[in-house]
1. Which residues' amide hydrogens lie under 5 Å from the amide hydrogen of residue 211, considering only partners 5 or more residues apart or on another chain, with H built in the peptide plane?
2. Past 22 Å, Cα to Cα, is the threshold; run 6/93; 6/178; 6/43; 93/244; 89/182; 178/244 against it and keep the listed order.
3. Using the Cα centre as the reference, give the magnitude of the dipole from point charges on the C-beta atoms of the chain (Lys, Arg: +1; Asp, Glu: -1; all else neutral), rounded to the nearest 20 debye.
4. Given the options 45, 149, 85, identify the residue whose Cα lies farthest towards the positive end of the charge dipole of the chain (+1 on Cβ of Lys, Arg; -1 on Cβ of Asp, Glu).
5. Checking the a/c ratio against 1.5 first, then a/b against b/c, what shape does the Cα gyration tensor give for region 51-186?
6. What is the sum of charges around residue 186, taking Lys and Arg as +1, Asp and Glu as -1, for the other residues whose C-beta is under 13 Å from the C-beta of residue 186?
7. Considering Cα pairs under 8 angstrom that are at least six residues apart, work out the relative contact order of the chain and quote it in whole percent.
8. Taking the Cβ of each residue in 213, 59, 111, 149 as the centre, tally the other Cβ atoms inside 10 Å and list the residues starting with the fewest.
Amino acid sequence: MNILSKEKTNEKPARGRHRDVPLSISFVMPMFNEKAGIGRTVKEIKSLAGELTHDYEIVIVDDASTDGCGDIVDGLAERDDTIKFFRLKSNTKFGGAFAECFRRASRDVIVYMDSDMPVSIEDVRASFALIHEADIVTGFSTVKKGDTVKRKFISGVYNLMVQSLFHLGIKDINSGYKIVRKELVKDLNFRSLSPFIDVELFLHARNKNARVVQYPLIFCQRQGGKSHITGIPIILATFRDMIKLKFTAG
């Protein structure tokens, strides 16, 4: 896996890819209890999509939400055929919804983001250009805005453990923003049902000798709802998947 920072992407040719070739895009989002903000997120993605491509879809997978956000998206999808909506029957603690998003994406490039829209439109515009020279563009935060001490501690320990066990060299392994070429992941069968699924993605990229660009940005503070990623059940599931994959893979 060839990992480059944003500043180094102009040092090498684009390996036969051309910036003037239009790419079709699947915007994908796993969703759980995002009633307060999902309508705004879809509206912002719609406004951006037309600037980047003439061929796009918005794929939203509901991880068995209980707050009615699924009904909101279902209504949007009935009126707009660019929105593809799928419901999971039971909650998978994020990983199952993430994997389903990637399976359902059908365009050239997958733009993944958390469903609370943590990335500014300006950063999406700027970072999307980098996919012409990469297989994955992944965001990392240069400023930690709004994180609690608990969240910072959990994130720090987790990223340290991932680096120690798997040596991936990714600054923010569970970044809420990634751009991935569909060709890279078309044969990837995810095993995890937790946020550890991000590690699986980068392990697959390393096995494929993929080119990864890390893009610095400032993640936006959540405007509504709350994050569920630091709940005890999800933390336990994540560490269970980590140990399982470390000692059973290959």
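1. Sorted by chain and number, the residues that satisfy this are 2, 135, 136.
2. Details: 6/93 31 Å; 6/178 14 Å; 6/43 28 Å; 93/244 16 Å; 89/182 26 Å; 178/244 25 Å.
In this structure, 6/93; 6/43; 89/182; 178/244 lie more than 22 Å apart at Cα.
3. Working: 38 positive and 31 negative charges, 170 e Å.
Computed about the Cα centre, the dipole is about 820 debye.
4. 149
5. Working: a/c = 1.70, a/b = 1.26, b/c = 1.35.
Since a/c reaches 1.5 but b/c is at least a/b, the shape of region 51-186 is classed as oblate.
6. Working: positive: 103, 104, 107, 181, 182, 208; negative: 108, 135, 183, 187.
Its environment carries a net charge of +2.
7. Details: 422 pairs, mean separation 70.0, N = 250.
Relative contact order, the chain: 28 percent.
8. On the way: 213 21, 59 24, 111 27, 149 7.
Result, fewest neighbours first: 149, 213, 59, 111.
No lab work stands behind these numbers, since they all come straight from the coordinates. The structure displayed is predicted, hence computed values, not measured ones. As a convention, Cβ positions derive from the backbone with ideal geometry for all residues, glycine included, and neighbour counts pool all protein chains shown.
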